[in-house]
Amino acid sequence: MADRAQTPGWMQTASKRIDAVRLGPRAEQIGTVESIADGIAFVSGLPLVGLGERLLFPGDRIGFAQVLEEHRIGCVMLDEGTGIQAGDHVQASGDVIRVPVGDSLLGRVVDPLGRPLDGLETPVCGSEEPIERAAPAIIDRELVTQPVQSGSLVIDALFPLGRGQRELIIGDRAIGKTTIALDTVINQKHSDMICVYVAVGQKASSVRRAVDTIWRLGEPRRCIVVVAQAASAPGMQWIAPFAGFTMAEYFRDRGLHALVVIDDLSKHAATHREIALLTRQSPGREAYPGDIFHVHARLLERAAKLSAQLGGGSLTALPIAEIDAGNLSAYIPTNLISITDGQIVLDARLFHEGVKPAVDVGTSVSRVGGKTQAAALRDAAKTLRLDYAQFLELEMFTRFGGLPDARVRQQLRRGERIRAIVVQSQHAPLTLVEEVALVLAVQSGALDDVDPGRVAALREGLAAQLQLELPLVVQAVANGGTLDAAGTRDLLALMTRRVGRAQVGPASSKVIETGKGPR
């Protein structure tokens with residue numbers, strides 16, 4: 001006691017700690033683990049737990065209630081269950097799963113709970129929000145009229161995207177779905193959009209390539225990467241898309257504009273099926289539980305353009321889905337197509353022929369359409385989609401022989417040039433004024449006499465020349481997306497000069513062979 005009397009600092013600290021303890025009754029819900037395996041724990045003794053409530057396990061590990069039965073709860077673990085055994089205590093938190101939100105997440109790679117995966121310190125965020133949030137009501141939404149420039153000419157000219165839209169990117173495995181999404185993210189370094197890339201069930205090597213691409217070519221200071229890779233717990237993969245939307249909604253609700261890429265929802269659906277079967281829910285079509293449609297619908301409905309009274313912010317969604325052998329009629333693809341505002345369908349045959357991005361213009365659609373397209377590009381591309389679609393049909397017939405008349409030969413000639421300008425290298429998005437210039441050139445007939453193999457040369461250095469020779473036109477198109485008659489003439493004159501130089505230069509090695517008979 002004498003020693004303690006000589007240390008008043010210790011005594012003061014202890015006294016403060018004692019005074020801080022609030023005495024009185026406190027209710028806690030404590031349950032018991034019945035069994036745990038494969039990322040699923042069955043818990044009893046928690047009759048008041050609600051659906052989606054966060055549960056606390058030994059070792060600071062957490063899970064959430066997914067299935068509520070009469071005498072037990074099916075809980076999905078968000079951490080590894082190693083060391084947890086039957087008989088261990090489980091505590092109900094009285095709250096749902098929440099994730100940190102705020103500016104501190106920008107430029108970071110985190111898991112769905114906001115924990116760092118990039119080796120840096122834990123981001124300090126001012127608040128947390130639940131992963132499940134209600135979608136904006138119809139009365140709180142505004143019309144989708146502002147464009148999202150993807151940088152891919154075939155998309156911006158034929159299937160324009162708008163701020164607040166949900167556009168599905170769908171196709172077979174490894175034919176460029178992620179590339180289109182990443183190019184859209186990269187292209188936002190020229191805009192005011194904040195990008196959230198969510199990797200669900202992807203290989204670690206694929207995630208690393210995506211992160212490296214965004215960090216090297218995009219604007220990482222306005223990007224958040226949320227990763228729940230294939231090795232992560234099924235629960236982490238399940239909550240990842242919802243966490244990504246919550247992080248993006250923080251910016252939308254403050255009048256800013258956000259873009260969310262979910263890569264991909266096919267793997268998310270497979271994870272949901274896995275969890276459902278392990279928790280013994282009834283399987284339905286293709287063994288998916290009946291609520292899979294509701295899971296994806298309530299997620300994607302959160303993408304919206306808010307009204308001016310709520311700040312006018314927007315949240316745009318680009319979900320990705322994988323199909324097998326072009327089968328769009330499978331359960332998950334048909335669900336997602338019916339939920340979203342359009343789909344960019346990629347075709348494996350086009351991809352292997354060298355037409356990249358391999359967008360199938362016959363089955364792709366944007367249900368928002370030209371209402372969001374920049375005026376200059378809309379005026380330049382009035383009949384571009386129709387001309388391209390007719391060319392593809394005519395080309396199919398003429399491959400089997402026959403001598404088409406002069407009119408058909410001209411359509412084939414123009415169509416080959418249209419295909420040549422929509423072929424792009426990956427991670428090389430075009431600016432809006434470049435797209436307008438290329439579309440004007442092909443639609444005016446300036447490219448009719450240019451070999452398709454030399455069209456690629458027109459893009460090399462085009463942006464620099466436009467900025468040097470027509471800065472006012474570039475500024476007008478970039479700021480308002482409009483182009484007057486004088487600007488149109490100036491662009492066509494510049495492109496005509498470039499055509500003359502391209503015709504005398506070496507042909508590109510990326511010539512797409514067409515009209516050579518069946519392949």
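The values are calculated or read from the model by the stated rules, or taken from the named source; none is laboratory data. The structure presented is a predicted model; accordingly, all values stated were derived computationally and were not measured. Cβ: placed from backbone, ideal geometry, glycine included. Neighbour counts: every protein chain shown. Side chains are part of the model used for accessible areas, which takes the heavy atoms of the whole protein and leaves out ligands, DNA and RNA. Shrake-Rupley method; radii C 1.70, N 1.55, O 1.52, S 1.80 Å.
A few notes on this one:
- Counted as qualifying within the stretch 153-234 are the helices (runs of 4 or more DSSP H) with 2 or more residues that are in contact with a Ser or Thr (Cβ under 6 Å, 6 or more places away or on another chain), namely 177-187.
- For Phe293, the conditions (1) over 18 Å from the mean Cα position of the chain (by Cα); (2) modelled with pLDDT under 95 are fulfilled apart from (2).
- Near pairs, Cβ below 7 angstrom, 6+ apart or cross-chain, from the stretch 157-181 (farther than 22 Å from His257 by Cβ) to any residue that is among the basic types (Lys, Arg) and open to solvent by 20 Å² or more (accessible area, probe 1.4 Å): Leu158/Arg385; Gly176/Lys356
- Criterion violated by Glu286 - all others in (1) part of a helix (DSSP H, G or I); (2) at pLDDT below 95; (3) on the phi < 0 side of the Ramachandran plot satisfied: (3)
- Restricting attention to the stretch 112-134, the residues that are assigned to a loop (DSSP other than H, G, I, E, B) and open to solvent by 40 Å² or more (accessible area, probe 1.4 Å) add up to 12.
- In the stretch 335-361, the residue that is least open to solvent (accessible area, probe 1.4 Å) out of those that are small (Gly, Ala, Ser) and over 22 Å from Gln426 (Cα atoms) is Gly342.
- Scanning the stretch 202-225 for residues that are in contact (Cβ under 8 Å) with a residue 40 or more places away in the chain and either open to solvent by 10 Å² or more (accessible area, probe 1.4 Å) or polar (S, T, N, Q) (or both) returns Gln202, Val211, Thr213, Leu217, Pro220, Arg221, Arg222.
- Single match in Ala297, Ala248, Ala258, Ala276 (criterion: of a type in the set (A, V, I, L, M) and more than 29 Å from Gln149 (Cβ to Cβ)): Ala276
- The strands (runs of 3 or more DSSP E) falling completely within the stretch 66-111 that include 3 or more residues that are surrounded by 19 or more Cβ atoms within 10 Å (Cβ to Cβ) map to 73-77, 98-101, 108-110.
- Scanning the stretch 357-410 for residues that are basic (Lys, Arg) and touching a Pro at 6+ places or on another chain (Cβ under 7 Å) returns a single hit, Arg399.
- Set Thr178, Thr145: member being in contact with a Lys or Arg (Cβ under 8 Å, 6 or more places away or on another chain) and among the polar types (S, T, N, Q): Thr145
- Residue identified as acidic (Asp, Glu), within 30 Å of the chain's Cα centre (by Cα) and at pLDDT 90 or above among Glu434, Glu460, Glu416: Glu434
- Some residue of the stretch 282-295 being over 22 Å from Ile214 (Cβ atoms), among the acidic types (Asp, Glu), open to solvent by 10 Å² or more (accessible area, probe 1.4 Å) and touching a residue at least 24 places away in the same chain (Cβ under 8 Å): yes
- Verdict on Arg22 being open to solvent by 30 Å² or more (accessible area, probe 1.4 Å), basic (Lys, Arg) and at pLDDT below 90: yes
- Residue match in the stretch 43-57 (condition: modelled with pLDDT of 90 or more, in a strand (DSSP E or B) and surrounded by fewer than 20 Cβ atoms within 10 Å (Cβ to Cβ)): yes
- Of all the listed residues (Arg367, Arg409), the sole one being closer than 22 Å to Gly342 by Cα and open to solvent by 10 Å² or more (accessible area, probe 1.4 Å) is Arg367.
- Which numbered condition Ala303 misses (of (1) within 18 Å of Met247 (Cβ to Cβ); (2) modelled with pLDDT under 95; (3) not basic (Lys, Arg)): (2)
- Filtered by the rule that a residue be surrounded by fewer than 19 Cβ atoms within 10 Å (Cβ to Cβ) and either among the acidic types (Asp, Glu) or not in a loop (DSSP other than H, G, I, E, B) (or both), the stretch 247-269 gives a lone residue, Asp253.
- Selected residue (only one of Gln29, Gln12 is surrounded by 11 or more Cβ atoms within 10 Å (Cβ to Cβ), modelled with pLDDT under 90 and out of contact with any Lys or Arg (no Cβ under 8 Å at 6 or more places or on another chain)): Gln29
- Within the stretch 165-178, tally of residues that are out of contact with any helix residue (DSSP H, G or I) (no Cβ under 7 Å at 6 or more places or on another chain) and at pLDDT 95 or above: 3
- Within the stretch 427-454, considering residues that are assigned to a helix (DSSP H, G or I) and open to solvent by 20 Å² or more (accessible area, probe 1.4 Å), the one nearest to Arg413 (Cα to Cα): Pro452
- Verdict on Glu322 being of a type in the set (D, E, K, R) and crowded, with 16+ Cβ neighbours inside 10 Å: yes
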